[in-house]
Amino acid sequence: MFLGTYEPRLDDKARLILPAKFRAELADGLVLTRGQERCLYVFSAEEFARVHEQMRAAPLSSKQARDYIRVFLSGASDEIPDKQGRITIPASLRSYAGLDRELAVIGAGSRAEIWDATAWQQYLAEKEAAFSDTEDEVIPGLF
């Protein structure tokens with residue numbers, strides 16, 4: 001499970017050093033792809049295979065499903081971290097997420113997310129205000 005918030009920097013070669021707590025889960029390979037809210041999703045290879053299987057179950061007759069799958073998979077990039085735990089973020093994904101040097105890497109349970117640090121702070125400030133007002137219908141049975 002991916003938990004926590006980390007603030008690494010993107011180096012001059014567009015490489016990110018993965019948080020130490022995430023490295024074991026991602027050591028055998030990972031998939032980066034477009035996420036919602038202009039961040040990048042980071043899945044272990046195993047978790048990405050599960051997500052892909054769920055997508056395959058969507059009916060081909062659903063235009064919304066086809067559109068989502070196209071956007072999601074066309075931006076995907078499989079990576080294997082080097083011995084220092086670094087991965088290279090492709091230019092198209094850096095552009096999509098508006099990544100600069102300062103990043104926020106957050107744990108989101110079954111995936112990690114990579115955000116531009118400023119975008120993450122803005123998102124968090126906006127959403128934290130509504131956090132305490134969340135009703136039980138949002139996540140049934142949680143509280």
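Put simply, the amide H of Ser110, placed in the peptide plane, has neighbours under 5 Å in Phe2, leaving out anything fewer than 5 places away on its chain.
Protein heavy-atom surface of the chain, 1.4 angstrom probe: 52% of the accessible area is carbon and sulfur, with nucleic acids and ligands not counted.
Probing with 1.4 Å while keeping every protein chain in the model, the per residue accessible area of the chain equals 64 Å². Using only side-chain charges placed at the Cβ, +1 for Lys and Arg and -1 for Asp and Glu, the dipole size of the chain relative to its Cα centre rounds to 620 debye. Counting only DSSP H runs of at least 4 residues, each contributing -39500 (n - 2.57), and dividing by the residue count of the chain, the helix-based mean residue ellipticity at 222 nm comes to -11000 deg cm²/dmol. Loop-located trypsin sites (Lys or Arg not before Pro) in the range 32-92 (DSSP state not H, G, I, E or B) with no more than 11 neighbouring Cβ atoms inside 10 Å: Lys83. Across the range 71-78, computed HN-Hα scalar couplings (Karplus, 6.51 cos²θ - 1.76 cosθ + 1.60, θ = phi - 60°) run 5, 5, 7, 5, x, 6, 9, 8 Hz from first to last residue, x flagging Gly and Pro. Coupling constants for the range 19-32 follow from the phi torsions by the Karplus curve (6.51 cos²θ - 1.76 cosθ + 1.60, θ = phi - 60°), and in residue order they are x, 3, 5, 9, 4, 4, 5, 9, 4, 8, x, 8, 10, 9 Hz; glycine and proline get x. Backbone phi angles across the range 114-127, fed through the Karplus curve with coefficients 6.51, -1.76 and 1.60 (θ = phi - 60°), yield HN-Hα couplings of 10, 10, 5, 4, 5, 4, 5, 4, 5, 4, 4, 4, 5, 7 Hz in residue order; Gly and Pro are listed as x.
Put simply, the Cα atoms of the chain extend 42, 38, 27 Å along their principal axes, the longest span coming first. The value of relative contact order for the range 1-106, using C-alpha pairs under 8 Å at least six residues apart, is 45 percent.
The values are calculated or read from the model by the stated rules, or taken from the named source; none is laboratory data. All of these numbers come straight from a predicted model, not from anything done at the bench. Positions of Cβ are generated from backbone atoms using ideal geometry, with glycine treated the same way; all protein chains shown enter the neighbour counts. Side chains included, ligands, DNA and RNA excluded: accessible areas come from the protein's heavy atoms. Shrake-Rupley method; radii C 1.70, N 1.55, O 1.52, S 1.80 Å.
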